[in-house]
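Colleague: Input: one structure, supplied below.
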Amino acid sequence: DVKVTQSSRYLVKRTGEKVFLECVQDMDHENMFWYRQDPGLGLRLIYFSYDVKMKEKGDIPEGYSVSREKKERFSLILESASTNQTSMYLCASSRETIFYGYTFGSGTRLTVV
Amino acid sequence: DAKTTQPPSMDCAEGRAANLPCNHSTISGNEYVYWYRQIHSQGPQYIIHGLKNNETNEMASLIITEDRKSSTLILPHATLRDTAVYYCIVRVDGANNLFFGTGTRLTVIP
């Protein structure tokens, strides 16, 4: 069964901490994505990557960075976590052409206190 | 990508067909219609997509109007496990990302 695996289901961090959210896919997909999901706002794209070491800003990149050193792994980094980054974070991957859509991970619920 | 409009919530009796509407009146000729759903505490799951013709797979059917300004996702025999938020998305072929709105929360009632 193909999978997108996010390393943590729940995470609690303190304000100002550097936070790493990890995502691994086993489908040899070229594209990977990070979204955040908040009540009433739906899913919003933070960053995406269409190849190793490549990245593109999404709709809300401020306060985040990403790293893609290997094809299967896409990391989201909160350089200095803030309380307004408390959210559900969802990773997804797709083939080079996303004709057949995304495969999502189960999400990481991050709470910044 | 074209904006989509969906009702915020719907109910459906178990065993009946669930018909979820979506308006995409500004859709362009090269934009596909995608449907995803998100069951509580899980990531969104791909259901089906289409361009002009009606489509059917093991999960659902997608009916797209002739003018392509609206579509309907049909779950032929809804079960309690179909309770979820359903997202209708339109996307240009070749675009790398999908825009998810707030979707329709479908509740299947026993």
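Rule-based calculations on the coordinates, nothing more; no lab input. Because the structure is predicted, anything quoted here is derived from the model rather than measured. Note that each Cβ is placed from the backbone with ideal geometry, even for glycine, and that neighbours are counted across all protein chains shown.
Colleague: Residues being over 17 Å from A:M88 (Cα atoms) and either touching a Lys or Arg at 6+ places or on another chain (Cβ under 6 Å) or not aliphatic (A, V, I, L, M) (or both): count how many of those fall in the range A:25-51.
Modeller: Qualifying residue count, the range A:25-51: 9.
Colleague: So, one more: Would you say A:E72 is acidic (D, E), without any contact (Cβ under 8 Å) to a residue 60 or more places away in the chain and over 30 Å from B:P8 (Cα atoms)? Walk me through how you get there before you give the answer.
Modeller: Working: acidic (D, E): yes; without any contact (Cβ under 8 Å) to a residue 60 or more places away in the chain: yes; over 30 Å from B:P8 (Cα atoms): yes.
Against the criterion (acidic (D, E), without any contact (Cβ under 8 Å) to a residue 60 or more places away in the chain and over 30 Å from B:P8 (Cα atoms)), A:E72 qualifies.
Colleague: Restricting to the range A:2-21, and then to whatever is within 13 Å of chain B (Cβ to nearest Cβ) and over 12 Å from the mean Cα position of the chain (by Cα), can you tell me which residue is nearest to B:P44 (Cα to Cα)?
Modeller: It comes out as A:K3.
Colleague: Looking at the range A:22-43, which of the residues that are within 19 Å of B:Q45 (Cβ to Cβ) and at the interface with another protein chain (Cβ under 8 Å from one of its Cβ atoms) is surrounded by the fewest Cβ atoms within 10 Å (Cβ to Cβ)?
Modeller: Here the residue is A:G42.
Colleague: Now a separate question. Any residue that is within 13 Å of chain B (Cβ to nearest Cβ) and either in contact with a helix residue (DSSP H, G or I) (Cβ under 7 Å, 6 or more places away or on another chain) or within 15 Å of A:V4 (Cβ to Cβ) (or both) - is there at least one of those in the range A:50-57?
Modeller: No: zero hits.
Colleague: With the condition kept exactly as written, say whether any residue in the range B:59-82 is closer than 27 Å to A:T108 by Cα, of a type in the set (A, V, I, L, M), within 12 Å of the chain's Cα centre (by Cα) and within 14 Å of chain A (Cβ to nearest Cβ).
Modeller: Within the range B:59-82 (the criterion being closer than 27 Å to A:T108 by Cα, of a type in the set (A, V, I, L, M), within 12 Å of the chain's Cα centre (by Cα) and within 14 Å of chain A (Cβ to nearest Cβ)), the answer is yes, since at least one residue qualifies.
Colleague: Return the residue satisfying two criteria in turn: it lies in the range B:2-31 and is surrounded by fewer than 19 Cβ atoms within 10 Å (Cβ to Cβ) and in contact with an Asp or Glu (Cβ under 7 Å, 6 or more places away or on another chain), and of such residues it is nearest to A:F33 (Cα to Cα).
Modeller: Of everything passing the filter in the range B:2-31, B:A2 is nearest to A:F33 (Cα to Cα).
Listed here are the residues, each with its yes/no results for (1) surrounded by 17 or more Cβ atoms within 10 Å (Cβ to Cβ); (2) among the polar types (S, T, N, Q); (3) more than 17 Å from B:Y87 (Cβ to Cβ).
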position: A:K53; (1), (2), (3): no, no, yes
position: A:E62; (1), (2), (3): no, no, yes
position: A:E69; (1), (2), (3): no, no, yes
position: A:L76; (1), (2), (3): yes, no, yes
position: A:S87; (1), (2), (3): yes, yes, yes
position: A:L90; (1), (2), (3): yes, no, no
position: A:S94; (1), (2), (3): yes, yes, no
position: A:R109; (1), (2), (3): no, no, yes
position: A:V113; (1), (2), (3): no, no, yes
